[in-house]
1. Can you find even one residue in the stretch 467-482 that is in contact (Cβ under 8 Å) with a residue 40 or more places away in the chain, exposed (fewer than 14 other Cβ atoms within 10 Å of the Cβ), in the same structural domain as ALA380 (by TED's automatic domain parsing) and within 18 Å of TRP353 (Cα to Cα)?
2. In the stretch 103-135, how many are buried (at least 19 other Cβ atoms within 10 Å of the Cβ) and either more than 18 Å from ALA10 (Cβ to Cβ) or not assigned by TED's automatic domain parsing to the domain that holds GLU41 (or both)?
3. Here is a list of conditions, (1) farther than 27 Å from TRP490 by Cα; (2) not aromatic (Phe, Trp, Tyr); (3) not assigned by TED's automatic domain parsing to the domain that holds LEU426, and GLN371 meets all of them except one; can you say which number that is?
4. Which residue out of THR410, THR414 is at pLDDT below 90, out of contact with any Cys (no Cβ under 7 Å at 6 or more places or on another chain) and outside any helix (DSSP H, G or I)?
5. Criterion first (buried (at least 20 other Cβ atoms within 10 Å of the Cβ), in a strand (DSSP E or B) and in contact (Cβ under 8 Å) with a residue 12 or more places away in the chain) does LEU68 satisfy it?
6. Of everything in the stretch 286-340, what is of a type in the set (A, V, I, L, M) and farther than 28 Å from GLU477 by Cα? Give them in sequence order.
7. Would you confirm whether or not the stretch 463-470 contains a residue that is of a type outside the set (A, V, I, L, M, F, W, C), over 14 Å from SER424 (Cα atoms) and at pLDDT below 95?
8. Does the stretch 75-86 include one or more residues that are buried (at least 16 other Cβ atoms within 10 Å of the Cβ) and either of a type in the set (Ser, Thr, Tyr) or in contact with a helix residue (DSSP H, G or I) (Cβ under 7 Å, 6 or more places away or on another chain) (or both)?
Amino acid sequence: MTQEFHLCVAYIGHNTYKLQTKQVPDKMLLAEEVVEWNVEEWLIHAEQISTNVVPLRDRYDLYTLIALGKQLFSALFTGKIKDSWNAARNIAQQEQVVLLLSLEIDTANLASVPWELLYAEERFLISNPQIALRINRLQAPSSNVLAQMNWDSVIHKIQSEDERRLVIESLAKEEWEEFINDDSDPAYAEDSAVVADIFSQLAASPPSTPEKEDASVFSARETQITTQQQVEPPPQKTSESSVFATLVVGTLMMALVAIATLLWGHQPLRQITASFTPLGLSRLNHRHWHAVSTQEVTAIAMTRFKQGDFSTAQNLVEELLNRNDLQNARAALDIVSYAKTDTILYLRGRLAWQSSQMEQARRYWEDAVKQKPQIKYYNALGFAYYAQDDLHQANDAWFEALYLANQSPTTPETRINSSSSNSSELLTTYAGLALVLHQSAQNQSSDKQAKLVYEAVKLHKKVLAEDSVNFRPQQLERQWLWHQKAVADWRSLLQISDRG
């Protein structure tokens, strides 16, 4: 027995689309939303996947599918549509019936999007036994992305990996509980969760054996996928004893490796493994990751990127850049080479900047502010223009940053006096404007020159009055964003200010 959740998507114009439910479970109201989507980015992402999807040799390919699936799901289920979907899920679970998501696509460009990859609740919808998926494309796709995808390979990969993850996590918890065999210490519960999480990490890492061996051990779960073209995974025949033996031996080996790693270095168990748990991630993030080695930061960043946890991974990449570890930062970012989010673009720009590739950095930051205008993006862009002696563009960038800062309901003075990162960013904006004023004065008449220098010195003094430590030239030389020319010009302003 099923209940239907019928969702229609129609094009309005100018990247704007209308989402509307046509049929929902009883006692629920219909809902609609108007959204703006960058469908071209999805299609580019899907195109990159389609060129590498066969034969899906490693789990990196799976992570790219997950990342796109998450983007599609969050775009589709937003606002009232999300609320309606969650209510329908609750009703279906209470009544113990399958919820049929009937997705109707009424535009050619959206018909090219691989909606079959929708991902939520830590799994693809097509591998969720509580959900059936039917996609009705009313128009022919505008590109051949879908035709290029080997859906048999994709679906089989999704289902077999999902089965593998669930089985390994279950066995990991059981074996660890048997291994410790002591529940008198409350700390054992936490340690058990730590090791179980490490198992999840190991299970998610790229396999060392060919895909054919992998598939022979872990059979695919049977699910119903209803689309215009029926897609079914190939049948798998496995020996139950071989499956059990492989999993138990493999998991025991991982347990030994994990335990040895935890004890290595004669450090407390939870101190080393905290970075692999959600609680540990939160604690370490609060500490700005200073207590974690560069190798661990890199490994966790790459793992989090693969798992689609961009927020944590991006913070870790920033930590690597703070340490000027450009090689590892680049390796982590290469995991998500397809990503074009504002933060990824900003970090790629910073990596290029710290690698002395100023032109490339500027282009990344220009793209970042187009994606999502932020003060720190415009500050970085201002320094890029300033390094290229483009005072006009630098001035525009820093004024954009100042405009964004003034959108807050609080006053600039309030923000400066706070200890938040926005305070430093706003002071950086003022410093940038002071630099532009000072440099612009050089080609002016004596009267205008005096006025511009006077205004530049006023801003300079304002910045140092609010933060006399971090904006001294000696300190700025250690800041990744302040290049030599900017520091030298700031020092010149300091000398003028001291004379005045």
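The values are calculated or read from the model by the stated rules, or taken from the named source; none is laboratory data. Small disclaimer: the values here were computed from a predicted structure and weren't measured. A quick note on method: Cβ atoms are made from the backbone with ideal geometry, for glycine too, and the neighbour counts reach across all protein chains shown.
1. Yes, because at least one residue in the stretch 467-482 is in contact (Cβ under 8 Å) with a residue 40 or more places away in the chain, exposed (fewer than 14 other Cβ atoms within 10 Å of the Cβ), in the same structural domain as ALA380 (by TED's automatic domain parsing) and within 18 Å of TRP353 (Cα to Cα).
2. 14
3. The number of the failed condition is (3).
4. On inspection, the qualifying residue turns out to be THR410.
5. no
6. Scanning the stretch 286-340 gives ALA299, ILE300, MET302, ILE335, VAL336, ALA339.
7. Scanning the stretch 463-470, I find no residue that is of a type outside the set (A, V, I, L, M, F, W, C), over 14 Å from SER424 (Cα atoms) and at pLDDT below 95, so the answer is no.
8. Yes, the stretch 75-86 has at least one match.
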